[in-house]
Each structure stands twice: as C-alpha cells, then as structure tokens.
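Enquirer: Below is the structure I would like to discuss, written out as structure tokens.
The values are calculated or read from the model by the stated rules, or taken from the named source; none is laboratory data. All of these numbers come straight from a predicted model, not from anything done at the bench. Note: accessible area is taken over every heavy atom of the protein model, side chains too, but ligands, DNA and RNA are not part of it. Shrake-Rupley method; radii C 1.70, N 1.55, O 1.52, S 1.80 Å.
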Amino acid sequence: MEIFFVGLVLVALMVYASTKIKKSAARAFEREEIETEEFSMIKSEGFLHPLKDDSPLAFEAYSKDLGKNDASKFNQSWVALRVISDSDFKTVCGNVKASADKILSKNFVENQKIGLFETERTENDVEILSFWKIVESRERRKVYELKVSVLKAYEADFTQRAGEMIESFTVK
C-alpha cells in the first residue's frame, strides 16, 4: 500500500513537471517584441528565437515545423538579421539581387537608405521566397540586413507573418 502512495505522488509530480514544460515551450513560439540597443522588431507567432551567444547573426528565428519531401531539411520559414559594418547600402542591395534567381519586387524609401525586396530562388530543388529589409544607419556606420525566408509551399501560412516582421523592424 505504501508503494502505491509513493507511486501516486511520483506520477503526480511527473504530470506537474510535464505540464510546466509544455507551457514554457508553447510560450517560446508566441509573438514577442525584440528590443536591443541597435534595433527593435516583432517576432511573429510561430517562430522560435534561439538564444545563442556565439551566433554571427544579430537575430535569428525559425518556424517549428520542417518542410515535406525535398524540403525536409528546411524549416518552413526562418529569419536572419545580419549587421554589416564593412560595407555600404548599395553593395548590400547588390548582394541581395545577386543572391536571387528572380527579383519579384524592389522598393526604396525616399530620403532614407531603406530597401525592400521580395526575391525567389531555388536551393536543392526547393523554391524559397525571401522578404528583405536593408537599412543603413549613418550614425552607426552599419548596414542592417533582415531576411525572412519562406518555403514557397508554405507561402500562404507565413507571408503575413513575414510582412509583420519586415514592417516592424526599425534601426535606432
């Protein structure tokens, strides 16, 4: 009988811990405001922002689920923010164009060094859409390159979220 009560307590503790872990994991994929000394943006719902001190990226996030078939090695969507201090706005925009198979759209904000691009490329037979925001900070002497990539097969699921992140991204 004593073993039964000990087992019951142990099972109750395991259920409690499991519930806490599941809630914590779910919170990691919620919408979140990212604020640093240099930039701010909104991480859309459905993306995980891993905390890596050794990452060459200023910010990164990725969707929970992977693609299917040929795209099984790719997340359905991912985000990368690079801060480039040894280049200029024109060069970074040129690199965006060179990295694409096709430029779907490009816009520049008047009187500011901000470029918005939508590109398409194929990698390992997988079509990838990318949404870019390039911002030059004259005061900091840096160029910020935000790229949100989406597997074309999941375009309907992630385009609005990509737009939210691109639109919310600002350099201080």
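Enquirer: Distance between the C-alpha centers of the range 140-170 and the range 54-124? Whole Å please.
Expert: 8 Å
Enquirer: Can you bin the range 18-171 into rounded, prolate or oblate? Criterion: square roots of the alpha carbon gyration tensor eigenvalues sorted a ≥ b ≥ c, rounded for a/c under 1.5, prolate for a/b above b/c, oblate for the rest. Intermediate values should be presented prior to the final figure.
Expert: Details: a/c = 1.98, a/b = 1.25, b/c = 1.58.
Oblate.
Enquirer: Pairs Lys147/Lys172; Lys102/Lys152; Lys64/Lys102; Lys64/Lys106: which exceed 20 Å Cα-Cα? Walk me through the numbers before you get to the answer.
Expert: Details: Lys147/Lys172 18 Å; Lys102/Lys152 13 Å; Lys64/Lys102 27 Å; Lys64/Lys106 29 Å.
Pairs exceeding 20 Å: Lys64/Lys102; Lys64/Lys106.
Enquirer: Would you mind calculating the gained length between Leu57 and Asp157 on full extension (0.36 nm times residue separation, minus the Cα-Cα distance), in nm to one decimal? Walk me through the numbers before you get to the answer.
Expert: Numbers: separation 100, 0.36 × 100 = 36.00 nm, distance 2.48 nm.
Full-extension gain reported as 33.5 nm.
Enquirer: Taking all protein chains in place and a 1.4 Å probe, what share, in percent, of the accessible surface of the range 70-172 do carbon and sulfur account for?
Expert: Details: 2430 of 5720 Å².
Carbon and sulfur together cover 42 percent of it.
Enquirer: Still on this structure, please answer the following. Apply the a/c threshold of 1.5 to the C-alpha gyration tensor of the range 71-118 and tell me whether it is rounded, prolate or oblate.
Expert: On the way: a/c = 2.06, a/b = 1.60, b/c = 1.29.
In terms of gyration-tensor shape, prolate.
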